[in-house]
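J.: Take a look at this one; I'll ask things after.
The values are calculated or read from the model by the stated rules, or taken from the named source; none is laboratory data. This is a predicted model, so every value here is computed, not measured. Virtual Cβ from ideal backbone geometry, glycine too; neighbours counted across all protein chains shown.
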Amino acid sequence: MNDILDDPYSRYLELRQIDELKDLFDKYGWEASDDIVIEMAGTQVSGIDVGEEYNKKWQSPIGTRKCNKEAFIVIKNLSRDPWIPSQPMDREHKPQHPYSS
């Protein structure tokens, strides 16, 4: 957990916020050995090939990532995220309102 202090981006976090994160990790039983990932959400990636001549004010080259003003950080614990594929029902499917064409 102390590794976050060595990260160059830690200057954006106050020590109080790091303590709050530690408290949350303790509250949910997360451990230092868990696979914790920090991701940026609320971003957009340009998927349109605009060519070489484009309006730079309104368009971006393909693959350009922009952070929206409401972008946020997501902290995921992949070690505690169970992946369970969908299973077939254990009974015959009889919908209340059958589909009619």
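A quick yes/no check of all residues on (1) at pLDDT below 80; (2) outside the structural domain of I75 (by TED's automatic domain parsing); (3) touching a Cys at 6+ places or on another chain (Cβ under 9 Å); (4) among the acidic types (D, E):
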residue: M1; (1), (2), (3), (4): yes, yes, no, no
residue: L5; (1), (2), (3), (4): yes, yes, no, no
residue: Y28; (1), (2), (3), (4): no, yes, no, no
residue: I38; (1), (2), (3), (4): no, no, no, no
residue: I62; (1), (2), (3), (4): no, no, no, no
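J.: Quick test for you: out of R65, R91, pick the one residue that is exposed (fewer than 10 other Cβ atoms within 10 Å of the Cβ) and over 30 Å from E31 (Cβ atoms). Walk me through it before giving the result.
T.: Details: R65 fails: exposed (fewer than 10 other Cβ atoms within 10 Å of the Cβ).
Criteria check complete, one pass: R91.
J.: Same structure again: Among the residues of segment 27-48, what is the count of those that are outside any loop (DSSP other than H, G, I, E, B) and exposed (fewer than 10 other Cβ atoms within 10 Å of the Cβ)?
T.: Matching residues across segment 27-48 total 1.
J.: Can S100 be described as surrounded by fewer than 10 Cβ atoms within 10 Å (Cβ to Cβ), at pLDDT 85 or above, in a loop (DSSP other than H, G, I, E, B) and not assigned by TED's automatic domain parsing to the domain that holds L24? Reasoning before the result, please.
T.: Numbers: surrounded by fewer than 10 Cβ atoms within 10 Å (Cβ to Cβ): yes; at pLDDT 85 or above: no; in a loop (DSSP other than H, G, I, E, B): yes; not assigned by TED's automatic domain parsing to the domain that holds L24: yes.
For S100, the condition - surrounded by fewer than 10 Cβ atoms within 10 Å (Cβ to Cβ), at pLDDT 85 or above, in a loop (DSSP other than H, G, I, E, B) and not assigned by TED's automatic domain parsing to the domain that holds L24 - is not met.
J.: Among the residues of segment 52-59, is any more than 16 Å from D81 (Cα to Cα), out of contact with any helix residue (DSSP H, G or I) (no Cβ under 7 Å at 6 or more places or on another chain) and assigned to a strand (DSSP E or B)?
T.: No, segment 52-59 has no match at all.
J.: Can I ask one more? For segment 64-83, give me the residue count where each residue is out of contact with any Phe, Trp or Tyr (no Cβ under 9 Å at 6 or more places or on another chain), more than 19 Å from I18 (Cβ to Cβ) and either outside any loop (DSSP other than H, G, I, E, B) or modelled with pLDDT under 80 (or both).
T.: Number satisfying all stated conditions: 8.
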